[in-house]
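One structure below.
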Amino acid sequence: MDHPIQTDYLRWIVLLPLLGAGINGLLGAILQRQFGKRAISFVACTPVVISFLLSIWAFINLLALDPEKRFLIDSLYTWISLGSLNVTVAFWLDPLSVVMILVITGVGGLIHIYSIGYMQEDEAYWRYFAFLNLFTFAMLLLVTADNLLLMFIGWEGVGFCSYALIGFWYRDHVNTRAGNKAFIVNRVGDVGFLLGIFLIYWSLDKAGHGTVTFREIETFVPLIKDLEIWGIGVVTLATLFLFIGAMGKSAQIPLHVWLPDAMQGPTPVSALIHAATMVTAGVYMIARLNFLYSLAPSTLTVIATVGALTAFLSATIGLVQNDIKRVLAYSTVSQLGYMFLAMGAGAYSAGIFHLVTHAFFKACLFLSAGSVIQAMHHEQDMQKMGGLRWRLPYTHLTYLVAGIALAGIPPFAGFFSKDEILWKSFSHGLIFQWALGFAAAGLTAFYIFRQIFLVFYGSPRADPHTQSLVHESPQIMVLPLLILAFLSLIGGSLGVPEVLGGSNRIEHWFEPVFGSPGGHENAPVAMEILLMALSVGIGLFGITLAYLIYLRKTLVADTFSSLAAGVPYRLLFQKYYVDELYQFTFVRGTLFFSRVGAWIDQYIIDFIVDGSAKTTTFISWVNGLFDNYVVDWIVNKIADSTFGAGDKFRKIQTGNINSYLYVVLGAVVLAIIVKLRYSG
Amino acid sequence: MAESVLTLIVFFPLAGMIAVLFLPSERHNLIRWVSALFTLPPLLLSVWLFVNFDRSEPGFQFVQKVAWIPAYNIDYFVGVDGLSISMVILTALLCFLSIFASWGIDKGVKGYFALFLLLDTGMTGVFVSLDFFLFYIFWEVMLLPMYFLIGIWGGSRREYAAIKFFLYTLFGSVLMLLAILALYFTTEPHTFDMTKLIAQSGKYSTTVISFWPFDWLGWGFQHVVWMALFIGFAIKIPAFPFHTWLPDAHVEAPTAVSVVLAGVLLKMGTYGILRINFPMLPAATADFAFYLLGALGAWNIIYGALCAMAQTDLKKLVAYSSVSHMGYVMLGMAAFTPQGINGAVLQMFNHGIITGMLFLLVGVIYDRAHHRNIDGFGGLATVMPIYTGVTALAFFASMGLPGLSGFISEVLVLLGAWERYQVLAMIGASGIILTAGYFLWTMQRVYLGPPNEKYQSLPEINGRELFTLVPLGIIVVVLGVYPHAVLDLISSTLNHLNQIVIPHLS
């Protein structure tokens, strides 16, 4: 393997946002009081912008290298070195991670700028930006870490920031509960992640090369290919463990429950953390370890199935939600499902491609939703919106563009990436998973246009007072929206497939990481075109249906839902009752066992302890009586008053307990010693 | 300097106690400052130790040996190796900060500080003693002041708690004394010198004793002694089922006493096992490691966490979190891998720092609200933002958030344990979910949510309280980023220790 090129600027890409977080976190309250919110915005946004510029610089540097030599590394110091475990703090950049840092600092930077407007009225402005910067740092660390343990710092670090930002308005317990839920569900995944790390390190260590560094794992993984534990291949088990981590972070069924609740945070947070970046960490992790996953076909099938099911089921939930952000949340879960479907089909490049385009259009949708919510004075119920298109012209435009991109209509960005995934899974033989993904594409087009029609079209349903106050957002919020909408429009050009006359540039860019795409072998071009037409068709069908129900009202929404009324509708509206199920089993179960533990301590162990203490006291009391009435009687008979003082001393009972304990135990063990020494 | 540095560290607080005893008892501030003055030199000297300690040497350094009672081969014999130096530093730091955390004590000030300083000497003495007799003396010296500190300056059920603590530990030390005597008499010539006892460890018989119950259990002499020592130490750790003294003692003890109780005293259990059981009785250690260290440790992790979740008293919750976190130490040391044992000792250090913070933080709120009922607060973040920020740091450190110190030791323990006991490592790892559960739930109930009407005007954390917390907070962050500050100190000794036991593993 080539030695990567040493650099000394990668660290700044990662550490600059940490600096911003440090300044605002420790001194923010004072800065805000002394110099106003401008100072906070300056401290927070500058590092991210510089990181973005440095990321472009790094990208240019990579571009200048031969494709197979595109690795940059920046080693700082040895973090942990014990036995054969050697972990350095080192950042590395290859074609995969450079795309991630561009998205994180690029989209993240735009969201920082948008937040200046969105959070303007909040008194804890400094705290918001400190956590947003800290998040950016942790996310950058996650993608640039050159080993699993360092990645795990970023992995849990982003989870922590997510917790802190979901519960940002902590005075309301709805928010803090959502934060707790996010952190704890993620922790379940994190345990899986940790066990995966242990298993990989342990098996490589058995093979003589214990390591957690990505490049070394890649080099030595052939050594553990046939190793087994508990009758399962270690690679299969390790990849499954790691996938549990990915399910937690990327909200895949059955660990998806935290993400919709996470919408309690400020909307830019939903855009950055719960749509564009953090939730894609699981996808990134699998792509990063593609060499491992490719050795575990059964894990890949599991991933593809979980991904497809998630894509489909959460899209169905999205159909009936009325909260503007919840629809987008279920949409995110669903789109992440597509990315996992891609991973499971071994189409890593397609998955990351969708990650990138999704970051553009979903961030755009969330930020636009934020603009709507702010215009509507924090109203999030779509049933109370409608007809906003003239009042919010820019927001309407950006929402529409991003919505079309999500619906997968060409030539918008989402079309190319989603279609690539569907095609790759079909050609990979995952027909069932493809069918789910295909159906979900129709549902996606339906729910997003249902939303667009409910929010922007039709007649206004808000009360006149709110209606009169609706206004377009300030420029500082509109500008990021326009940029993201533009990216949602053209982002697909990164990966135009060959059948459409493109050259799939992004796939070639990733070749040094994922290897050459294997799907070329005589794939029938006609079939690819047919499937493409089908998925555009089902998308258009979804849009038409939404149009007929929610705008033309030819099919009246109420009749439609009453047609599907009763059990199915309630099931969807109540999100398949998964939350209730978990509450009843895991949460109640844990609390039950915790009470059992406390009960055992109080009534069993302490009963024995107190009982033995009381028994000892009782015995010593009897002894005291014996002393007083029997021994003393004899003693007094023999010699009258000499021992009077001694008797009084002996009545102190605690003293007696100790001495009796000593005597009894001493005698027992002395007997043992004697026995030992004199019985050979 | 190098010869007497440990003696100075041990006896400075004792000198302080004598000084305090000569002060007029109504001059409270003078007593406090004099106490602080006498705990500062040990801290500075342990920094000196930290700088001058030879990190590549696994054996004892800064050794001082003076004949004490020659008739019984008893010496004044002190020294530190990688295992004990981390504990000496921890003790010096926590005791110094605890003096400032005791500022609010206004009943029997003179007695309190005198006893506290005596406790300091006792604790440090335990960690540096290389003579078994001396070790035992310090062990008992530490016990008495603790009994009185809880029993006199404690809360409403202080007498029950103090007696419970005293009886539990006394029971343990009786067994320990017998074990020490057994070792003393089986060595020729009779000696209390730990280094000599370690050197002869091969001679302690493992042949099964031929009468009940030992023949049934398959125990030899070595196992019996091991068990006697282990019970003594397990009470201190505290390992299930010997742990119930801890929550009671903590709830009743004043803040600073809780800090040293959890921060330092608990470490003596695991320290004793590593210092004595491991090298002196390696064969028995190997035989018992799975059930009594590994499995019991994993059980401690889960059981302690579950009990913590059920508590309504904030201090009791923190106390049970100690039961849980000390489980990681046991699990780590049972693995006999470099990561496991180093992780275990690092966890001892980290737990001392983090739990010290936690108890100090509980003290801050107790001093203001005069209760610790978790459900009786709410929304403190609005009223006391800085205090809440520091609490969040301590909570997340205790949860093992990566980037903070607790993570490093927990992950090392679990990684090390995985090599030998995969299932135990999995159980231990799942403990981090429960830990997150009870800490976040506490965070939510006490600090977040709408501010409680009753506590709208609580004063923010003050300078003195911050002074006790900030150094610990800095250590938590620094060790998370650069754990080798401590790992370098401990690793050569611990790796050597592993090598003593490993040949006996079957």
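Applying D = kT/(6 pi eta Rh) to chain A, where Rh is the Kirkwood radius over alpha-carbon pairs, T corresponds to 25 °C and eta to 0.890 mPa s, the Stokes-Einstein value obtained is 88 µm²/s. Between chain A and chain B, the total buried accessible area stands at approximately 6000 Å², from heavy atoms with a 1.4 Å probe.
Rounded to the nearest angstrom and listed largest first, the equivalent-ellipsoid semi-axes of segment A:1-146 from its Cα gyration tensor are 32, 18, 10. For segment B:390-424, a drop of 40 Å² or more in accessible area on going from the chain alone to the assembled protein chains (1.4 Å probe) is found at B:Phe396, B:Leu401, B:Pro402, B:Phe407, B:Val411, B:Leu415, B:Trp418, B:Glu419, B:Gln422.
The residue list B:Ser258, B:Tyr168, B:Tyr204 was ranked by how far each Cα lies along the charge dipole of chain B toward its positive end, using unit charges on Cβ atoms, and B:Ser258 comes out on top. Counting only protein chain heavy atoms and rolling a 1.4 Å probe, the accessible areas of B:Tyr366, B:Tyr455 rank, largest first, as B:Tyr366, B:Tyr455.
If you bin all the Cα-Cα distances of segment B:328-424 at 10 Å, starting from zero, the percentages per bin are 17, 37, 24, 17, 6.
Checking every one of the chymotrypsin sites (Phe, Trp or Tyr not before Pro) in segment B:111-191 against DSSP loop status and a limit of 10 other Cβ atoms within 10 Å picks out no site at all. For the protein assembly as shown, the fraction of alpha-carbon pairs lying more than 57 Å apart is 23 percent, rounded to a whole number. Net charge in the neighbourhood of B:Gly269 (other residues with Cβ under 13 Å of its Cβ; Lys, Arg +1, Asp, Glu -1) is +3. Each Cα pair under 8 Å and six or more residues apart adds its separation to the average, and for chain A the resulting relative contact order is 11 percent. The candidates A:Phe129, A:Phe438, A:Phe486, arranged from most to least accessible area with a 1.4 Å probe in the full protein assembly, appear as A:Phe486, A:Phe438, A:Phe129. Between the Cα long axis of helix A:431-456 and the first principal axis of chain A there is an angle of about 80°, rounded to the nearest 10. Using a simple spin-label model with pseudo-atoms 7 Å out from Cα toward Cβ, B:Gln499 and B:Val481 lie 3.5 nm apart. Seen from B:Leu314, the other residues with C-beta closer than 12 Å to its C-beta sum to a net charge of +2, counting Lys and Arg as +1 and Asp and Glu as -1.
Rg/Rh, computed from the Cα trace of chain B with Rh as the Kirkwood radius, has the value 0.96.
Taking amide H positions as modeled 1.01 Å from N, with prolines and chain starts lacking one, the residues under 5 Å from A:Ile229 and 5 or more places away or on another chain are A:Val234. Between B:Tyr291 and B:Arg464, residue separation times 0.36 nm minus the direct Cα-Cα distance comes to 57.8 nm.
Based on the Cβ-Cβ distance of B:Glu453 and B:Glu26, what FRET efficiency does E = 1/(1 + (r/R0)^6) give at R0 = 41 Å, to the nearest 0.05? The calculated FRET efficiency here is 0.55. Think of each Lys and Arg Cβ as +1 and each Asp and Glu Cβ as -1; about the Cα centre, that makes the dipole of the protein assembly as shown roughly 1900 debye. Take the Cα of A:Leu469, go 7 Å toward its beta carbon, and the backbone nitrogen atoms of segment A:345-386 under 20 Å from that spot belong to A:369-386. Straight-line cross-link partners of B:Lys65 among the lysines, defined as a Cα under 20 Å from its Cα and at least 8 positions apart when in the same chain: B:Lys196. Think of segment B:288-506 as a dipole: +1 on every Lys or Arg Cβ, -1 on every Asp or Glu Cβ, centred on the Cα centre; then among B:Thr337, B:Leu469, B:Leu440, B:Leu440 lies furthest on the positive end.
The calculated FRET efficiency for A:Ile229 paired with B:Tyr76, based on their beta-carbon distance and R0 = 56 Å, is about 0.60. In this rough spin-label picture, where each label sits 7 Å from Cα along the Cβ direction, the A:Ala613-A:Leu479 distance is 7.0 nm.
Using 1/(1 + (r/R0)^6) with R0 = 35 angstrom and r between the beta carbons of A:Val567 and A:Thr301, what's the FRET efficiency to the nearest 0.05? Walk me through the numbers on the way to the answer.
Details: r = 31 Å, r/R0 = 0.90.
Computed FRET efficiency for A:Val567 and A:Thr301 comes out at 0.65.
Residue order by solvent-accessible surface for A:Trp155, A:Trp434, B:Trp299 is B:Trp299, A:Trp434, A:Trp155, largest first, with ligands and nucleic acids left out and a 1.4 Å probe. Of all aspartates and glutamates in the structure, the ones whose alpha carbon falls short of 16 Å from that of A:Lys614, not counting any fewer than 8 places away in one chain, are A:Asp606, B:Glu159. Among the chymotrypsin sites (Phe, Trp or Tyr not before Pro) in segment A:1-48, those placed in a DSSP loop whose Cβ has at most 15 other Cβ atoms within 10 Å are A:Tyr9.
Placing +1 on the Cβ of every Lys and Arg and -1 on the Cβ of every Asp and Glu, with no other charges, gives segment A:1-146 a dipole of roughly 460 debye about its Cα centre.
Under a model in which nothing but the beta-carbon of Lys, Arg (+1) and Asp, Glu (-1) is charged, segment A:178-569 shows a dipole of about 780 debye around its Cα centre. Which pairs in the list A:Lys362/A:Lys575; B:Lys164/B:Lys203; A:Lys249/A:Lys575; A:Lys206/B:Lys203; A:Lys325/B:Lys316; A:Lys362/A:Lys424 are over 30 Å apart, alpha-carbon to alpha-carbon? Check vs 30 Å cut-off fails for B:Lys164/B:Lys203; A:Lys206/B:Lys203; A:Lys325/B:Lys316.
The H on the amide N of A:Leu76, modeled in the peptide plane, is under 5 Å from the matching H of A:Val89, A:Ala90, A:Phe91, each at least 5 residues off or on a different chain. Between A:Val596 and A:Asn623, full extension at 0.36 nm per residue minus the direct alpha carbon distance yields a gain of 5.9 nm. For segment B:435-469 and segment B:333-376, what is the centre-to-centre distance using only Cα atoms, to the nearest Å? Centre-to-centre distance over Cα atoms comes out at 17 Å. Each Lys or Arg adds one and each Asp or Glu subtracts one; over the other residues with Cβ under 13 Å from the Cβ of B:Asp367, this totals +1.
The values are calculated or read from the model by the stated rules, or taken from the named source; none is laboratory data. Treat the numbers as computed from the prediction; the structure is a model and nothing was measured. FYI the Cβ positions are ideal-geometry reconstructions off the backbone, even for glycines, and counts take in every protein chain you see. Remember, those area values only see protein heavy atoms, side chains included, never the ligands or the DNA or RNA. Shrake-Rupley method; radii C 1.70, N 1.55, O 1.52, S 1.80 Å.
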